[in-house]
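What follows is a set of notes on a single structure, which appears directly below.
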Amino acid sequence: MRIGILGSGSGSNMQAILDAIEDASLDAEIALVLSDNPNAFILERARTNGIPTALIDCRGFKSKYPDEAQRETAAALKAAGVELVCLAGFMRLVRKPLLDAFPDRILNIHPSLLPAYPGLMAWQQAVEDGASESGCTVHQVDSGMDTGPIIIQAKVPVLPDDTAETLHARIQIEEHRIYPEAIRIVTGVTS
Ligand code: GRF
């Protein structure tokens, strides 16, 4: 199973997928890591591990993912033989050009129990809302924001003295467990 990963930030979820591959609990290979942010730590992590990387040129748009850039992304993933695309902290909305290239084969991880708290800073939304519970979700990507069929979720408690940061850290521990699990579920591939 050749996986392509798109990320804009730290890449800890990419690392968790890589760790699952290395400990043989997931029979897969990360074929390509793409980022829209040249300074993203995910690129450094990938290079350190000998994984090919490339930049996504979003034509100077801050948050838009132009169709042309999506077509280029799809072409790069196809050229690398990618069969499954994992969004891991990727901060742009994927739409038709990329979705059509990988039907039902794009996953995303979101730091809430969807459909609760879609969008940005979901952990902060949960704290501000006074929620007693939050978590994370891996789902298939469709053209909506954090919509699409849910594959797996994990719950975490929100503690009375939680800040957005402490809650996010607790959620991330579960993210790192369920993302490799979601890939196993979707692909039927274990080790
Ligand atoms: C994660 O919390 C993920 O749920 C959200 O962005 C964060 C990415 O973290 N979509 P990382 O780059 O994988 O460390």
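The values are calculated or read from the model by the stated rules, or taken from the named source; none is laboratory data. Being a predicted model, the structure only gives us computed values, none of them experimental. As a convention, Cβ positions derive from the backbone with ideal geometry for all residues, glycine included, and neighbour counts pool all protein chains shown. Calculation scope for accessible area: heavy atoms of the full protein, side chains included, ligands and nucleic acids excluded. Shrake-Rupley method; radii C 1.70, N 1.55, O 1.52, S 1.80 Å.
So here's what we get for this one:
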| read-out | value |
| --- | --- |
| Rounded to the nearest 10 Å², the accessible area of residue 82 at probe 1.4 Å | 10 |
| Cα centroid of region 76-122 to Cα centroid of region 145-189, whole Å | 15 |
| Estimated 222 nm signal from helices in the chain, with DSSP H stretches of n ≥ 4 weighted -39500 (n - 2.57), rounded to 500 | -11500 deg cm²/dmol |
| Residues with amide H under 5 Å from that of residue 87, placed H, sequence gap 5 or more | 6, 107, 108, 109 |
| Extension gain, residue 161 back to residue 62 (0.36 nm per residue minus Cα-Cα distance, nm) | 32.2 nm |
| For region 84-100, 3J(HN,Hα) per residue [Karplus equation, 6.51 cos²θ - 1.76 cosθ + 1.60, θ = phi - 60°, Hz, x = Gly/Pro] | 9, 10, 10, 7, 9, x, 8, 9, 10, 7, 7, 10, 3, x, 7, 4, 5 |
| Total formal charge among the other residues, if their Cβ is under 14 angstrom from that of residue 66, Lys/Arg +1 and Asp/Glu -1 | +2 |
| Degrees between helix 12-22 axis and first principal axis of the chain (Cα, 0 to 90, nearest 10) | 70 |
| Neighbour-limited loop hits for trypsin sites (Lys or Arg not before Pro), region 55-133 (at most 14 other Cβ within 10 Å; DSSP other than H, G, I, E, B) | 59, 62, 64 |
| Loop-located GluC sites (Glu not before Pro) in region 1-106 whose Cβ has at most 10 other Cβ within 10 Å (DSSP) | none |
| Whole-Hz ³J(HN,Hα) from phi, Karplus 6.51 cos²θ - 1.76 cosθ + 1.60, for region 173-179, glycine and proline x | 4, 6, 4, 5, 7, 8, 5 |
| Percent accessible area from carbon and sulfur atoms, the chain, protein chains only, probe 1.4 Å | 53 |
| Equivalent ellipsoid semi-axes - Cα gyration tensor, region 7-82, angstrom | 24, 14, 9 |
| Net charge contributed by nearby residues that have their C-beta within less than 12 Å of residue 27 (K/R +1, D/E -1) | -1 |
| Potential lengthening between residue 19 and residue 173 on full extension [0.36 nm per residue; Cα-Cα distance subtracted] | 54.1 nm |
| Positive minus negative residues near residue 36 (Lys, Arg vs Asp, Glu; Cβ under 13 Å) | +2 |
| Average accessible area per residue (Å²) across the chain - probe 1.4 Å, nucleic acids and ligands excluded | 47 |
